[in-house]
Amino acid sequence: MQTTGFTIQTSGQGLYEFTRQVTGWVAGQAVEDGLLTLFVRHTSCSLLIQENADPEVQTDLRNYFARLVPPTTDPSMFYLTHTYEGPDDMPAHIKAAMMPVSLSIPVQSGAPVLGTWQGIYLFEHRDRPHQRQVVAHLGG
């Protein structure tokens, strides 16, 4: 059983790939076959496994969720009451409630078992920069 943390620096809303960091850490562990669990320690961002070949996928995901849950300044969001942390805060919590905050990834031969075009992403839902903490646990 191995546990560590990753720090992902964000610069606003968007997807931030950290597959290489995770793959490098897993390769350095004594566990050849097992299960990797990733968990983000925040309530206004999410974790995703998503395509990493075409950046338009990340752009389209960001744009889709921005339309689905606009900022509180949008008239359609008049019913929200948690607004004192900025117009992007409550929408960020809603997006995080809709998407995963943890991932389980099989590990085989010392590497995460990901598809050819799959990458591991932190999906930042806030406008301003943040340092996000992701905890990784690898069990054999």
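The values are calculated or read from the model by the stated rules, or taken from the named source; none is laboratory data. A quick note: this is a predicted structure, and the numbers were derived from the prediction, not measured. Using ideal geometry, Cβ is built from the backbone for each residue, glycine included, and neighbour counts are taken over all protein chains shown.
Scan region 67-102 for residues that are crowded, with 17+ Cβ neighbours inside 10 Å and among the hydroxyl-bearing types (Ser, Thr, Tyr) and jot them down.
Hit for region 67-102 is 72, nothing else.
Scan region 109-140 for residues that are modelled with pLDDT of 95 or more, farther than 27 Å from residue 66 by Cβ and assigned to a strand (DSSP E or B) and report the count.
The qualifying residues number 6.
Return the total of residues in region 1-18 being surrounded by 15 or more Cβ atoms within 10 Å (Cβ to Cβ) and within 23 Å of residue 92 (Cβ to Cβ).
Residues that pass the stated criteria total 9.
Mind listing whichever residues of region 36-89 are within 30 Å of residue 22 (Cα to Cα), of a type in the set (Ser, Thr, Tyr) and part of a helix (DSSP H, G or I)?
59, 64
Among the residues of region 35-67, count how many are closer than 14 Å to residue 103 by Cα and over 16 Å from the mean Cα position of the chain (by Cα).
The number of residues fulfilling the criteria is 1.
Can you tell me how many residues in region 90-103 are assigned to a strand (DSSP E or B) and either among the β-branched types (Val, Ile, Thr) or at pLDDT below 95 (or both)?
From region 90-103, those assigned to a strand (DSSP E or B) are 102-103; that's our starting set.
Those still in the list that are either among the β-branched types (Val, Ile, Thr) or at pLDDT below 95 (or both) too: none.
Counting residues in region 90-103 that are assigned to a strand (DSSP E or B) and either among the β-branched types (Val, Ile, Thr) or at pLDDT below 95 (or both) gives 0.
For the structure I just gave you, tell me whether residue 106 is over 14 Å from residue 48 (Cα atoms), of a type outside the set (S, T, N, Q) and assigned to a strand (DSSP E or B). Walk me through how you get there before you give the answer.
Numbers: over 14 Å from residue 48 (Cα atoms): yes; of a type outside the set (S, T, N, Q): yes; assigned to a strand (DSSP E or B): yes.
Yes; evaluated as a whole, the condition is true for this residue.
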